[in-house]
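> The structure under discussion is supplied below as C-alpha cells; questions concerning it will follow.
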Amino acid sequence: MRGVAAGLHGRRITWWFACAVIAACIVSFTAAAARPVFRVDHVADGDTITLTNGQRVRFVQIDTPEVYFGTECYVPAASRRTKQLLPPGTPVRLAREPATELVDQYGRSLRFLARRTLA
C-alpha cells in the first residue's frame, strides 16, 4: 500500500508543478502583451535605432562595429542587416535588462527589442 500512496503523492506534485509552469507562462505572456508598441523611425547603425517618438534605443547584448569614431570592419554589413530587419515603421516592443543601466553614456535607452506583427 505504501507504494500506491507514494505514487499518488508523486502525481500530485507533478500536477501542481505543471500548473505552476502554466501559470508562469500565462503571467509572462500577459506581461509581454501589456508592453506598449513603438515604431522604428530609422536605423542609426547596427545596434542602435531611433523610434518615431524620438527615443534612441541601443540593443542590449548586441555589439556591432562603430560608425561614428572611425570606420571599423563590417560597419556597412551590420547597418544593412539591421535596416533589413527593422525598416521604418516596423512595430517593436522594448524590454528592460535588469542587470544593466537604463541609459548609456550617450543618452540612449538600453533595451531588448522584439519585432511585433500587428493584426
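Any read-out appearing in this document is the output of simple, stated calculations on the displayed coordinates, not a laboratory observation. Treat the numbers as computed from the prediction; the structure is a model and nothing was measured. Note that we place each Cβ from the backbone using ideal geometry, even for glycine, and neighbour counts take in every protein chain shown.
> So if each residue of separation counts as 0.36 nm, and I subtract the Cα-Cα distance between A34 and A114, what length gain in nm does that give?
On the way: separation 80, 0.36 × 80 = 28.80 nm, distance 1.34 nm.
Full extension of this stretch gives 27.5 nm more.
> Can you check what the net charge comes to around L110, using other residues whose Cβ is under 14 Å from the Cβ of L110 (Lys, Arg +1; Asp, Glu -1)? Write down the numbers at each step before the final one.
Numbers: positive: R56, R58, R96, R108, R111; negative: D47, D63, E97, E101, D104.
Once all neighbours under 14 Å are counted, the net charge is 0.
> Kindly put I62, I49 in sequence by how many other C-beta atoms sit within 10 Å of each C-beta, fewest to most.
Numbers: I62 13, I49 25.
Final ranking by Cβ density, sparse to dense: I62, I49.
> Let me ask another. Quick one: which residues, 5 or more positions from D41 or on another chain, have an amide H under 5 Å from its amide H? H modelled 1.01 Å from N in the peptide plane, none for Pro or chain starts.
T50, L51, T52, G89
> Using Cβ contacts closer than 10 Å as the measure, can you line up Y106, Y74 from fewest to most? Don't jump to the answer; show the numbers that get you there.
Values: Y106 9, Y74 13.
Taking fewest neighbouring Cβ atoms as first place, the list is Y106, Y74.
> Next up: Using the number of other C-beta atoms within 10 angstrom as an exposure proxy, rank T82, T52 with the fewest first.
Working: T82 21, T52 12.
With the sparsest Cβ surroundings first, the list reads T52, T82.
> By the scheme Lys and Arg +1, Asp and Glu -1, what is the net charge of all other residues having a beta-carbon under 12 Å from that of E101?
Value of the local net charge: +2.
> Please work out how much length the chain gains when fully extended from H42 to D104, using 0.36 nm per residue of separation minus the C-alpha to C-alpha distance, in nm with one decimal.
Values: separation 62, 0.36 × 62 = 22.32 nm, distance 1.92 nm.
So the chain would gain 20.4 nm between H42 and D104.
> May I pose another question? All other residues with a Cβ under 14 Å from the Cβ of E66 taken together, and with Lys, Arg as +1 and Asp, Glu as -1, what is their net charge? Provide the component values of the computation, followed by the final result.
Details: positive: R58, R108; negative: D45, D47, D63, E72, D104.
In short, -3.
> Can you pull the Rg over Rh of the stretch 38-115, Cα-only, Kirkwood? Walk me through the intermediate numbers first.
Working: Rg = 11.9 Å, Rh = 12.6 Å.
Dividing the radius of gyration by the Kirkwood radius yields 0.94.
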